Every structure is written in C-alpha cells, then in structure tokens.
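Structure first, commentary second.
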Amino acid sequence: MSITQEIINSWGWIGIEPIEVVEENYFGNLIIKDVNQQYWRLCPEDVYCEIVAQNRAELDELSQSQNFLEDWEMKNLVQQAKDKCGVLTEGNKYCLVIPGILGGAYDTSNIKIAPLLELVRFSGYVAKQIKDLPDGAEINLKVVP
C-alpha cells in the first residue's frame, strides 16, 4: 500500500486529501501536500495531523523557523535512537512505543523501530479514539493482534 493511501485510510476522517508526502523525518513525521495545495504535518509520536501551511511559500517560511527545525529534526532523540536501535532500514522509522500524548517518555526506554505504514495507521487509530476526550482523561488502551 502507498503512503498516501494509508494516510487516507487512517487519517481521512479529519478531512485530509493527500496527493504527496514532501518530507519525512527519522520518527515518521510527515509533511503532506493535499489536493488544495495546503501542507499538513502528521506527527505519530504526538498523534496529530494538522495543517501547518496554506501554500508552498508558507511552508518555505516555516522551514526557516528555528523552533520548527528543532522540533522536526529532534537531533538528540534521533542520536539516542540510533545508539539504542541502530540504523534504520528502508520503510522503517524510530517511534515511541507509547505515544507522548498517552504519557510515553521521550527517552530510549520508550523507543523502538517500526514500519512507517504501521506508525501512520496506529497514530490515526489512536487519534480517532481520543479526539473527543478532554485533556487529562483516563483511557484504557486495548491492543488487538
């Protein structure tokens, strides 16, 4: 399955209509161009997908922001992940086993490698389940094989 089809299947419920992934990082964050020429950021570790730029000029401007670049590159965490898990193979990304939004730690005890398609699928599934919950709500996460 293509990455754009997985985004449609897993995140289409938020209204995204992707045409291409224009950027990805080591943790499976994606910058996605949609049919309206808007740009979205899909962030599996924090379980969100939202518009970050209305057009290419805004995306270029965002890409110059030091805060955005630090968040996007995650240099320290990427180095820790490489040291613990090794170099990524094609189609795989580092990930937080328990997403940050669910209380997962941003450290090596919570980092593994997973296929990008599974990260997109899992994060979309979790986001849909918790979308209407207030901050701080207790949840029961059930993982079904």
Pairs of lysines 8 or more apart, or on different chains, with alpha carbons under 26 Å: count those in the stretch 78-145, would you? 13
Exposed loop trypsin sites (Lys or Arg not before Pro) only (DSSP loop, at most 11 other Cβ atoms within 10 Å): please give the longest stretch of the chain free of them, not including the sites. 1-130
Calculated FRET efficiency, Gln129 and Val87, Cβ-Cβ r, R0 35 Å, to nearest 0.05? 0.60
Between Ala137 and Trp13, what is 0.36 nm times their sequence separation minus the Cα-Cα distance? Round to one decimal in nm. 42.4 nm
In the chain, which whole DSSP H runs stretch at least 18 Å along their own axis (Cα) and average 0.5 or higher on the Kyte-Doolittle scale? 116-130
In debye to the nearest 20, how big a dipole does the chain give about its Cα centre with +1 on each Lys and Arg Cβ and -1 on each Asp and Glu Cβ? 480 debye
Helical contribution to [θ] at 222 nm, DSSP H n ≥ 4, -39,500 (n - 2.57), averaged over the chain, rounded to 500: -10000 deg cm²/dmol
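Every number in this text was worked out from the coordinates using simple rules, so none of it is lab data. Since the structure is predicted, the reported quantities are computational estimates derived from the model, not experimental observations. All Cβ positions, glycine included, derive from the backbone under ideal geometry; neighbour counts span all protein chains shown.
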